[in-house]
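What follows is one structure encoded as C-alpha cells, with my remarks underneath.
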Amino acid sequence: LSRQEIARYLGVKGERPDEHTSALVEEMINEISHLATPRYTARVLEISQTPEGVVLNPGGLCLNSAQLKALLKHSAQGVLFAATLGVGVERRIRLYGMSDVLKSLVLDCVACEYIEKYCDEIQQEFAEQYAPKGLYVTRRFSPGYGDLPLAVQPDCLRMLDAYRKIGLGLTPE
C-alpha cells in the first residue's frame, strides 16, 4: 500500500506524517491485513449510447454521464464490477469510531487505499483476459467520479446482485 496515498487521504499535504501518525498508519496496515476478506463480483454488459450517457443491457440501466459516454464512445461492451474488503473492516472502523476516532480515521484511509489497490488488480485481470481477444480495458469510472452521481450505486449493486454474491450493500446516509 502506498503510504503517500494514505497520507493524502488523511489530508497530510507536502510533508510526511509525524512519527505518531506514521506508526498508527503502520499499525492499521497490519490490522487490515488480518481483517480484510477482499471479494468482487462482475458482469459483462452490452453498452449503447444515448444523448445523455450510456445504457447497460440487459437491465436497461441508464447512466447519465457525458464523461462516461466519452470514455466509452468506442465500446460495445463494458464490465460492471463491485468490490469489498468485507464486513470485518467496516465493523472495526465503526468500533474505533466509538472509542478512538483517530484510529477509525486512519483505518478508513488505509481501507480506501487497500480497496483501490484491489480494484487495480481486478482491472488488470480483466485487461489480461480480454487482450488476447483484441479488446482494451479503459480506466475505471465509478459512481461519484466526475459527473456520474453516487445515486446510481443502488442500481449498479442490484444489477450485480452484490449483496447476495459478496455481501456488499449500502449504508444509510
- Over its Cα atoms, what ratio of radius of gyration to 2.2 N^0.38 Å does segment 97-140 give? 1.77
- Message: Given an 8 Å cut-off on Cα distances and at least 6 residues of separation, report the relative contact order of the chain as a percent.
- Response: 26
- Query: Which lysines have a Cα lying under 20 Å from the Cα of K103, excluding residues fewer than 8 positions away in the same chain?
  - Reply: K13
- Note on the structure: Packing-ranked peptide list from 147-156, 130-139, 42-51, highest mean Cβ count within 10 angstrom first, is 147-156, 42-51, 130-139
- 3J(HN,Hα) from dihedral phi, segment 87-95, Karplus parametrisation 6.51/-1.76/1.60, rounded to Hz, x for glycine, proline: 5, x, 5, 4, 4, 5, 4, 5, 4
- Note on the structure: Largest first and rounded to whole Å, the semi-axes √(5λ) derived from the alpha carbon gyration tensor of the chain read 33, 18, 16
- Message: Compute the orientation-averaged projected area for segment 65-162 from the convex hull of its Cα atoms and round it to one decimal in nm².
- Response: 7.5
- Here the relative contact order (percent) of segment 73-152, from C-alpha pairs under 8 Å and at least 6 apart, is 16
- Message: For the chain, what does the helix formula give at 222 nm: sum of -39500 (n - 2.57) over DSSP H segments with n ≥ 4, over the residue count, nearest 500 deg cm²/dmol?
- Response: -16000 deg cm²/dmol
- Item | Rg and Dmax of segment 21-80, Cα atoms only, in Å | 18.7, 51
- Query: Tell me, what ³J(HN,Hα) does each residue in segment 139-152 have, in order and in whole Hz, if you take phi through Karplus 6.51 cos²θ - 1.76 cosθ + 1.60 with θ = phi - 60° and put x for Gly and Pro?
  - Reply: 5, 6, 9, 10, x, x, 7, x, 9, 9, x, 4, 4, 7
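Where a number appears in this text, it was derived from the coordinates with a stated rule and is not lab data. Model, not experiment: these values are computed from the prediction. Quick reminder, even Gly has a Cβ in these numbers, built from the backbone with ideal geometry, and neighbours come from all protein chains shown.
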